[in-house]
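Some notes on the structure that comes next.
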Amino acid sequence: MKFVLRFLVIGLLSVFFIGCTNLEETFIEDFSSEEFQQFSADNRDLSSLINSVYSGLRLPFLDQTQVWAMQEHTSDEVMGPTRGPDWDDNGIWRVLHNHTWDANHLFIRNTFRELLGGVFNSTDVLQPEFNATTEQAAEARFLRAFIMATVLDFWGQVPFRQPGEDLREIPEIKKEGEAVDFILQELDEIFADLPTGDATVANQDAANALRAKLY
């Protein structure tokens, strides 16, 4: 018991002294936003940023509740079966199959968020101060075009920002034919800079496949 009491007293004193730490912040007044952006650029691993775009495709394109659900459960190709109380998930699958969803549908909201996150991360690679190589920029532009095409297929429009654009401003909305023309132009401009043969990255074969799908 003495040991326990001694342990509790020491613990309480430790918390007391830690809690009395001076938490006053000190700001560096002469560190401008431009300097911060340059600091961020100088300490950014661009290859890791591009890899994050690739890895970010896994959830929306491999998870059954996102792109696949929106493409298949909304058609006559798939209908989710119900086994007693199982698999129905409060009707969330039936809503897709019956075309009675709204903007609050969890699968639709999550798909939109994940896809637009991919567009943002791809565009981030193209920030001028990051000095992407020609091939890195081509990969990022292809990934952005691919994701934009998917968003366009689902919603008929896609938000778009140029690299470095003020995120506080409402983005441009590219609709239907305008968006298709933009994506096709992107593919034409980057085609020669994309790698060939390597199937693990965005390459010229992928660009041709996306072009054919758009046509």
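The values are calculated or read from the model by the stated rules, or taken from the named source; none is laboratory data. All values derive from a computational prediction rather than experimental measurement. Because the Cβ atoms are built from the backbone with ideal geometry, glycine has one as well, and the counts that use them run over all protein chains shown. Note: accessible area is taken over every heavy atom of the protein model, side chains too, but ligands, DNA and RNA are not part of it. Shrake-Rupley method; radii C 1.70, N 1.55, O 1.52, S 1.80 Å.
A few notes on this one:
- For the stretch 164-215, applying the loop criterion from DSSP together with a ceiling of 13 other beta carbons within 10 Å to the GluC sites (Glu not before Pro) yields GLU165, GLU169.
- Pairwise centroid distance, computed over Cα atoms, of the stretch 164-215 with the stretch 120-139, Å: 13
- Sites matching chymotrypsin sites (Phe, Trp or Tyr not before Pro) across the stretch 152-205 that sit in DSSP coil, with at most 12 neighbouring C-beta atoms within 10 Å: none
- Inverse mean reciprocal Cα-Cα distance (Kirkwood Rh) of the stretch 172-212, Å: 11.0
- Computed over neighbours whose Cβ is under 13 Å from that of THR74, the net charge equals -3, Lys and Arg +1, Asp and Glu -1.
- With all protein chains in place and ligands, DNA and RNA left out, the 1.4 Å accessible area ranks HIS73, HIS97 as HIS97, HIS73, largest first.
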